[in-house]
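S.K.: Supplied in structure tokens, the structure appears directly below.
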Amino acid sequence: MRVWREHLDPPDSPPTERTLDPEDWGSLRRLGHQMVDDMMTYLEQVDARPVWQKTPDSTKELAQRPLPRTGKPAEAIYRDFVDHILPYTKGNIHPSFFSWVQGTGTALGALADFLAAGMNPNVAIGDHAAMYIDAQVIRWCKSMFDFPDEAGGILVSGGSVANITALTVARNAADQRVREHGVRALVGPLVFYASTETHSCQQKAAEVLGLGKRGLRLVPVDKDYRMDVRALLDMISEDRQAGNIPFCIVGNAGTVNTGAIDPLDDLLEIARKEKLWFHVDGAFGALAYLTPEYRPLLRAISQADSLAFDLHKWMYIPYEVGVTLVRDKTLHRAAFELQPQYLINHERGLAAGPDPITNYGLELSRGFKALKVWMSFQEHGLDLYTQLISQNIDQARYLAERIKKEPRLELIADVPLNIVCFRFNPGAVSETKLNEINKNILMDLHTSGVAAPSYTMLQGQYAIRVCIVNHRTQKLHLDTMVDKILELSQNY
Ligand SMILES: *Cc1c(COP(=O)(O)O)cnc(C)c1O
């Protein structure tokens with residue numbers, strides 16, 4: 001390579017053709033080493049910093065700078081990153097971060113993303129290593145949930161897209177004419193069922209699939225936020241009588257509000273009897289299937305027609321990576337298969353190789369997100385992941401016990417998994433006032449930088465919501481949070 005360049009560019013005439021490669025590899029290499037050093041220190045010392053701090057004006061000003069016409073040294077850009085971006089992060093890598101359902105990532109996972117970006121393969125088609133590693137990761141994911149080896153699957157950006165991908169297959173399986181003629185070709189309006197506690201991505205799926213918000217039937221839940229099976233049966237039969245076409249039941253393995261697990265065995269049985277597709281949204285909760293304690297409760301997952309889950313939540317892989325598994329690979333492929341002349345596999349050469357991944361999902365160009373999964377799974381082994389998931393569940397139970405012991409705190413939902421919903425309630429305060437006070441306590445807690453739970457509303461009650469998908473959390477972090485909440489509550 002070098003010889004070729006020297007031949008074309010005699011040293012006395014500077015090159016006229018430009019490239020984005022560094023002029024001085026040595027200085028970029030030094031900067032790269034510095035970045036690795038800085039980031040390892042940053043991760044090592046994560047617990048010493050506040051979990052969150054307010055984004056300062058200087059950062060917002062930086063974010064207003066116009067698009068530059070000319071370049072500047074990488075060192076100066078990195079300095080801006082260190083000064084104005086890195087310190088004002090979301091906090092989800094911190095051991096006291098418990099908001100929404102957000103994973104922590106790992107150090108090797110971050111390095112793997114660097115390696116993947118350096119290789120920068122487009123993992124859509126062709127005969128190259130990343131295609132095989134991507135397929136291997138999918139195979140590993142199938143084995144985690146006892147899906148058959150011949151099932152279909154794809155790595156996607158996250159749970160939302162994983163659910164939409166699965167529901168696309170389910171919709172098309174209901175009537176294969178959809179691809180040719182669209183939803184207007186259907187003999188009647190397709191409808192599918194999920195509980196009122198179901199994640200909002202199911203509604204997005206209903207809308208983008210052309211079924212409309214009303215295509216998603218929200219089934220009531222019982223007092224533990226699990227789908228009411230009797231209500232489901234009634235709704236299916238009412239829909240049939242009204243000329244609607246039920247095609248799918250979505251079961252929740254872990255709802256986002258409280259971690260509720262729908263009666264999945266019942267839903268599976270109903271789906272089989274009613275000849276409906278059984279899909280499980282197990283974005284985070286499906287991973288509890290790995291633990292001996294939860295496997296019996298979640299065993300219907302292994303029988304589902306499709307499963308959506310995230311690796312960037314409860315498998316602690318850096319963003320982004322989610323997974324769709326589809327039991328019947330033929331149906332999976334039939335929903336997305338499309339190979340124009342320029343994407344046909346050849347017998348040999350670069351264009352040979354496995355079935356293009358674009359035949360199994362919406363995307364064509366895809367990055368090498370499989371590498372961080374492949375490296376992480378090998379670094380720790382499945383047993384340690386299983387142990388960490390159990391540890392997080394155990395920590396949630398520990399927190400619930402602590403809250404029960406505190407006279408001024410009130411647990412406001414059961415703790416079936418890794419989510420704890422509670423509030424400050426000293427008694428003799430109206431519900432409206434309690435909601436206001438608890439919201440203020442939460443905002444004060446975030447501002448203090450001590451811990452970052454999130455919030456939800458449960459039957460009109462504002463809940464402080466702790467979700468633990470965090471391999472760095474220890475029980476002491478939960479105790480520190482409770483202590484701080486009690487301290488802050490004295491202001492109200
Ligand atoms: C997080 C979540 C989703 C959406 O997944 P993303 O990775 O955020 O797109 C869907 N369902 C449930 C139950 C979730 O917790």
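S.K.: Mind grabbing the base-10 log of I(q)/I(0) for region 374-487 at q = 0.15, 0.17, 0.20 Å⁻¹? Debye formula, identical points on the C-alpha positions, no solvent, two decimal places.
M.R.: -0.66, -0.81, -1.05
S.K.: Please list the three semi-axes, largest first and in whole Å, of the ellipsoid equivalent to region 45-90, using sqrt of 5 times the eigenvalues of its alpha carbon gyration tensor.
M.R.: Values: eigenvalues 118, 38, 7 Å².
So the three semi-axes of region 45-90 are 24, 14, 6 Å.
S.K.: Would you calculate the volume per residue, in Å³, of the smallest convex hull containing every Cα atom of region 134-250?
M.R.: Values: hull volume 15.2 nm³, N = 117.
Hull volume normalised by residue count: 130 Å³.
S.K.: Right, next: Could you state the orientation-averaged shadow area of the convex hull built on the Cα atoms of region 36-175, in nm² to one decimal? Working shown, then result.
M.R.: Working: hull surface 54.3 nm².
Over all viewing directions, region 36-175 projects a mean Cα-hull area of 13.6 nm².
S.K.: Where does region 191-322 land on the Kirkwood hydrodynamic radius, alpha-carbon pairs, in angstrom?
M.R.: Values: mean 1/r = 0.0670 Å⁻¹.
About 14.9 Å for region 191-322.
S.K.: Give the Kirkwood hydrodynamic radius (Å, one decimal) of region 442-492, defined as one over the mean of 1/r across all pairs of different Cα atoms. Walk me through the intermediate numbers first.
M.R.: Numbers: mean 1/r = 0.0843 Å⁻¹.
After inverting the pairwise mean of 1/r, the radius is 11.9 Å.
S.K.: Projected area of region 44-126, taken from the Cα convex hull and averaged over every viewing direction, in nm²?
M.R.: On the way: hull surface 34.8 nm².
For the Cα atoms of region 44-126, the hull's average projected area reads 8.7 nm².
S.K.: Counting only protein heavy atoms, what percent of the accessible surface of the chain is carbon or sulfur at a 1.4 Å probe?
M.R.: 54 percent
S.K.: Hey, how much of the P(r) for region 279-353 falls beyond 14 Å, as a percent of Cα pairs?
M.R.: Working: 1941 of 2775 pairs.
Everything past 14 Å amounts to 70 percent.
S.K.: Which length gain, in nm to one decimal place, applies between Thr330 and Ser365 when the Cα-Cα distance is subtracted from 0.36 nm times their residue separation? Show your work: numbers first, answer last.
M.R.: Working: separation 35, 0.36 × 35 = 12.60 nm, distance 2.22 nm.
Gain in length upon complete extension: 10.4 nm.
S.K.: By a straight-distance test (C-alpha under 16 Å), which aspartates and glutamates pair with Lys213 as possible cross-link partners, with residues fewer than eight away in the same chain excluded?
M.R.: Here the aspartates and glutamates satisfying the reach criterion relative to Lys213 are Glu197, Asp239.
S.K.: Any idea of the accessible area per residue across region 34-172, 1.4 Å probe, to the nearest Å²? Walk me through the numbers on the way to the answer.
M.R.: Details: 6970 Å² over 139 residues.
Per-residue accessible area for region 34-172 comes out at 50 Å².
S.K.: Calculate the FRET efficiency for Gln378 and Met119 from the Cβ-Cβ distance with a Förster distance of 22 Å, rounded to the nearest 0.05. Provide the component values of the computation, followed by the final result.
M.R.: Working: r = 18 Å, r/R0 = 0.80.
About 0.80, to the nearest 0.05.
S.K.: Taking 19 Å as the cut-off for C-alpha to C-alpha distance, list the pairs among Lys404/Lys475; Lys72/Lys369; Lys313/Lys369; Lys90/Lys369 that go past it.
M.R.: Details: Lys404/Lys475 16 Å; Lys72/Lys369 30 Å; Lys313/Lys369 15 Å; Lys90/Lys369 22 Å.
With Cα atoms farther than 19 Å apart: Lys72/Lys369; Lys90/Lys369.
S.K.: Using 7 Å Cα-to-Cβ label points, what is the Leu31/Arg69 separation (nm, one decimal)?
M.R.: So the two model labels end up 2.2 nm from each other.
S.K.: Once R0 is set to 41 Å, what does the formula 1/(1 + (r/R0)^6) return for the Cβ-Cβ distance between Ile344 and Arg184, expressed as a FRET efficiency to the nearest 0.05?
M.R.: Details: r = 31 Å, r/R0 = 0.76.
After rounding, the FRET efficiency stands at 0.85.
S.K.: Of Ile236, Cys201, Val221, which is farthest towards the positive pole of region 183-242's charge dipole, taken about the Cα centre with +1 and -1 on the beta-carbons of Lys, Arg and Asp, Glu respectively?
M.R.: Positive-most Cα among the choices belongs to Cys201.
S.K.: Cα centroid distance between region 209-254 and region 332-358, in Å?
M.R.: Region 209-254 and region 332-358 have Cα centres separated by 37 Å.
S.K.: Another question about this same structure. Please compute the modelled spin-label separation between Arg299 and Ala351, points set 7 Å along Cα→Cβ, answer in nm with one decimal.
M.R.: 5.0 nm
S.K.: With every protein chain kept in the model, how would you rank Asp281, Asp265 by accessible area, 1.4 Å probe, largest at the top? Each step should come with its number before you reach the end.
M.R.: Numbers: Asp281 10, Asp265 55 Å².
So, going from the largest accessible area down, we get Asp265, Asp281.
S.K.: Treating only the Cβ atoms of Lys and Arg (+1) and Asp and Glu (-1) as charged, compute the dipole magnitude of the chain about its Cα centre; round to the nearest 20 debye. Write down the numbers at each step before the final one.
M.R.: Details: 52 positive and 60 negative charges, 164 e Å.
With only Lys, Arg, Asp and Glu charged at Cβ, the dipole is about 780 debye.
S.K.: Using alpha-carbon positions, what is the distance between the centroids of region 95-135 and region 379-410, in Å?
M.R.: Taking the Cα centre of region 379-410 as reference, the centre of region 95-135 is 27 Å away.
S.K.: List the lysines whose Cα lies under 20 Å from the Cα of Lys275, skipping any in the same chain that are fewer than 8 positions away.
M.R.: Excluding near neighbours in sequence, the set is Lys329.
S.K.: Something else about it: Which whole-number percent of Cα pairs in region 332-381 have a distance greater than 18 Å? All intermediate terms of the calculation are to be shown ahead of the outcome.
M.R.: Values: 578 of 1225 pairs.
Everything past 18 Å amounts to 47 percent.
S.K.: Assuming a viscosity of 0.890 mPa s and a temperature of 25 °C, what translational diffusion coefficient in µm² per second does Stokes-Einstein assign to the chain, Rh being the Kirkwood radius over Cα pairs?
M.R.: Numbers: Rh = 25.0 Å.
Taking Rh from Cα pairs, D becomes 98 µm²/s.
S.K.: Follow-up question, since we're still on this one. Can you compute the equivalent ellipsoid semi-axes for region 112-181, i.e. the square root of 5 times each eigenvalue of the Cα gyration tensor, sorted largest first and rounded to whole Å? Before the final figure, lay out each step's value.
M.R.: Numbers: eigenvalues 141, 53, 31 Å².
So the equivalent ellipsoid measures 27, 16, 13 Å along its semi-axes.
The values are calculated or read from the model by the stated rules, or taken from the named source; none is laboratory data. A quick note: this is a predicted structure, and the numbers were derived from the prediction, not measured. No Cβ is skipped: glycine too gets one built from the backbone with ideal geometry, and neighbour counts run over all protein chains shown. For the accessible areas, the whole protein counts, side chains as well, though only heavy atoms, and no ligand, DNA or RNA atoms are used. Shrake-Rupley method; radii C 1.70, N 1.55, O 1.52, S 1.80 Å.
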